[in-house]
1. Consider segment 83-125. How many of its residues are among the hydroxyl-bearing types (Ser, Thr, Tyr) and surrounded by fewer than 18 Cβ atoms within 10 Å (Cβ to Cβ)?
2. So, restricting to strands (runs of 3 or more DSSP E) that lie completely within segment 1-79, which ones have at least 3 residues that are open to solvent by less than 10 Å² (accessible area, probe 1.4 Å) and out of contact with any Lys or Arg (no Cβ under 7 Å at 6 or more places or on another chain)?
3. Taking only pairs six or more apart or across chains, which ones have beta-carbon atoms under 6 Å, a first residue in segment 55-80 that is at positive phi, and a second residue that is assigned to a strand (DSSP E or B) and β-branched (Val, Ile, Thr)?
4. Which residue is most open to solvent (accessible area, probe 1.4 Å), if the candidates are limited to segment 134-154 and must be more than 17 Å from Thr87 (Cβ to Cβ) and part of a strand (DSSP E or B)?
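The values are calculated or read from the model by the stated rules, or taken from the named source; none is laboratory data. Every value quoted in this text rests on a predicted model; they were computed, and no experiment measured them. Every residue, glycine among them, receives a Cβ derived from its backbone with ideal geometry; neighbour counts consider all protein chains shown. Only protein heavy atoms, including side chains, enter the accessible area calculation; ligands, DNA and RNA are left aside. Shrake-Rupley method; radii C 1.70, N 1.55, O 1.52, S 1.80 Å.
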Amino acid sequence: MRRLLISGDSAIASCLVAADGKVKPLRQASYERATYCALCPDGLFSLYEGNASSAFLRLGRELELLDRVEIRGGQLCHLFYSDATRTLYGSSYGSGYVTAIGTERGVFSGIKSSVPVGEGRPGTPRAHCAILSPDSRFLLVAAIDQDCIYSFQTAG
């Protein structure tokens, strides 16, 4: 069995998918504009994709809200979680920023950094997604309107 998360404009659903492809719904919770999820060992992270501001959401295994951190800048659209560094990375399509937020014991421990992507280059800086390199030394960020991938060295 594999776990499947479905997120959208008004809800997040958790399901199990059997080897034969059958889907068994487990639970569902209402969250406005929670358009992306990322798993962590004891629950998941999601986001609120607002136009003027956005938010990181920390949810438990039962999809209950454990913590929320508001950020300036619209259209937070992608999350990537590193369990090794206990850091959640969020890409904002609207503002062009990538924000790194620390996690500790099931809640957020504070914003580590918020970096603009692609300023001063042709095209609108739109951070569409960010992932860590396999050795965790670099954060790779896709800026789709600039047709470019940026690389940022990570701390430690």
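1. Count: 5.
2. 43-48, 53-60
3. As it stands, the answer is Leu63/Ile12, since those pairs meet every condition given.
4. Taking segment 134-154 as the starting set, the residues that turn out to be more than 17 Å from Thr87 (Cβ to Cβ) are 142-150.
So of that shortlist, the ones also part of a strand (DSSP E or B) come out as 142-143, 148-150.
Numbers: Ala142: 23, Ala143: 1, Cys148: 31, Ile149: 124, Tyr150: 35 Å².
Residue satisfying both the conditions and the ranking: Ile149.
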